[in-house]
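The values are calculated or read from the model by the stated rules, or taken from the named source; none is laboratory data. Remember, predicted model here, so these are calculated numbers, not experimental data. Ideal geometry is used to build each Cβ from the backbone, glycine not excepted, and the neighbour counts take in all protein chains shown. The area values use the complete protein model at the heavy-atom level, side chains included, leaving out ligands, DNA and RNA. Shrake-Rupley method; radii C 1.70, N 1.55, O 1.52, S 1.80 Å.
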Amino acid sequence: MLENIYLDHNATTPVLGDALIAVNTSLLLNGNASSIHYFGRQARTTVENARENVANLVGAAPSEVVFTSGGTESNNLALNGTERKICFAPATEHHSVLSGVRKAFRVPVNSDGLILIDSLETALKRASHPALVSIMLANNETGVIQPVREVCELAHAYGAWVHCDAVQAVGKIPCNFKNLGVDFLSISGHKIGGPQGVGALIVREGLNLKALNTGGGQERGRRSGTENLSGIAGFGAAALWTLENLRDFSGFAALRDQLEYSLQEIAPIKVFGAQVARIPNTSCLTMPGVSAETQVIAFDLAGIAVSSGAACSSGKVSDSHVLSAMGVQKKDADTAIRVSFGRGNTANHVTRFRDIWADLFQKSEHKKSQIMALAR
Ligand code: PLP
């Protein structure tokens, strides 16, 4: 039997062995990290070790790490926990940013998906109060990398704070909180080989953040609730592994390029964001004339997991706000799928993907020519 192939690592990536062990070990610790007795202290040590690993991964101080339930909560906390009433964000941000705040003004992007810096500057100039700018480091659908440092310098010149959703960038490219110059940074555990349901918001030392979860005052009053001990332990172990193995991730660019070249030889495909810097593992590409839904189902039947860039939480395919903000025509956007590589993928997987892709495309072309012949 042919092995199933997972090419959807941007949705979530398999849990690392080290993370699995850390989760299991911590599940056996019978303590609450807030308790002062022996058992509590053991749990606290686990949390603080993980905090240090997560801080090291992104070049932050451990005291700047606030554990959350994941990228979505981190984004929501950054956007709503500051006193800033005005928020500017590129129109291609993740839904947890665009709908995570009452009013996020959408800054346009160019056809490659890069923020239009002049439009941001105009908006910052016109703002009646110092704003919050939220910008992702790498886009989840196209992989396009935003000029976060440049945005930061501009925003700070206007007294704005900057939040960076680095959920898709961490573990794929170097991501250093201090070098980026941002004030807040969101990370998610399950995108780097940790368990699902845990993440962190990095908050620059000295910045005030109002908690959205209030109660026991955990996480130095910034996020109440008993810490998710096993999730945090797994996240910490994944962070340590990721820091030590980050360099290897760039190798996935070779698989992605091989995939794109081989499909370009078969059909006039479009690859969105290909003209600018992207994270190494992601490709958002069209199959002319074949809907994304049809492709995802056909690949699934053939044992390959990919996603429509715009698959929403219900699993249904909806219009991609990312591609539409980039000015992609609906007829092209409707045929775009996302392939995202990660640990375990090999050149053989690309070959199998290409063969299935070619077969599906040829069948669709054949069907089209039959319909045209009948219509004549
Ligand atoms: N931000 C980006 C760019 C993402 O891709 C995702 C998840 O896909 C999130 C935020 C949400 O992260 P989580 O699944 O941890 O809530």
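Brief remarks follow.
- Residue pairs, from the table 331/368; 103/331; 103/178, whose Cα atoms sit over 19 Å apart: 103/331; 103/178
- Cα-only Debye scattering, the chain: base-10 log of I(q)/I(0) at q = 0.06, 0.07, 0.08, 0.12 Å⁻¹: -0.24, -0.33, -0.43, -0.91
- Positive minus negative residues near residue 116 (Lys, Arg vs Asp, Glu; Cβ under 13 Å): -3
- Counted over the range 6-130 with a bin width of 10 Å, the fraction of Cα pairs per bin, in whole percents, is 10, 26, 30, 20, 11, 2.
- Looking at the chain, the DSSP beta bridges with both ends there are about 55 percent antiparallel.
- Based on Cα contacts under 8 Å between residues 6+ apart, the range 60-214 shows a relative contact order of 30 percent.
- CD proxy at 222 nm, helix term only [per DSSP H run n ≥ 4: -39500 (n - 2.57); per residue of the chain; nearest 500]: -12500 deg cm²/dmol
- Charges were assigned to the Cβ only: +1 to each Lys and Arg, -1 to each Asp and Glu. The resulting dipole of the range 218-376 about its Cα centre is roughly 280 debye.
- Rounded if a/c under 1.5, otherwise prolate or oblate - the range 108-206, Cα gyration tensor axes: oblate
- Compared with the direct C-alpha span, the chain from residue 122 to residue 103 gains 5.1 nm at full extension, assuming 0.36 nm per residue.
- For the residues 363, 270, 331, a GNM of the chain with alpha-carbon springs under 10 Å puts the largest fluctuation on 363.
- The chain: relative contact order as a whole-number percent, Cα under 8 Å and 6+ apart: 22 percent
- Solvent-free Debye scattering, log10 I(q)/I(0), computed from the Cα coordinates of the range 284-374 at q = 0.13, 0.22 Å⁻¹: -0.47, -1.14
- For the range 241-376, the relative contact order works out to 29 percent when only alpha carbon pairs closer than 8 Å and six or more residues apart are counted.
- Along each principal axis, Cα extent of the range 1-77, largest first, Å: 53, 30, 22
- Fraction of accessible area attributable to carbon and sulfur, the chain (%, probe 1.4 Å): 54 percent
- Computed log10 I(q)/I(0) for the range 167-297 at 0.16, 0.19 Å⁻¹: -0.96, -1.14, from the Debye equation with unit scatterers placed on every C-alpha and solvent omitted.
- Computed with a 1.4 Å probe over protein heavy atoms only, the accessible surface of the chain comes to 45 Å² per residue.
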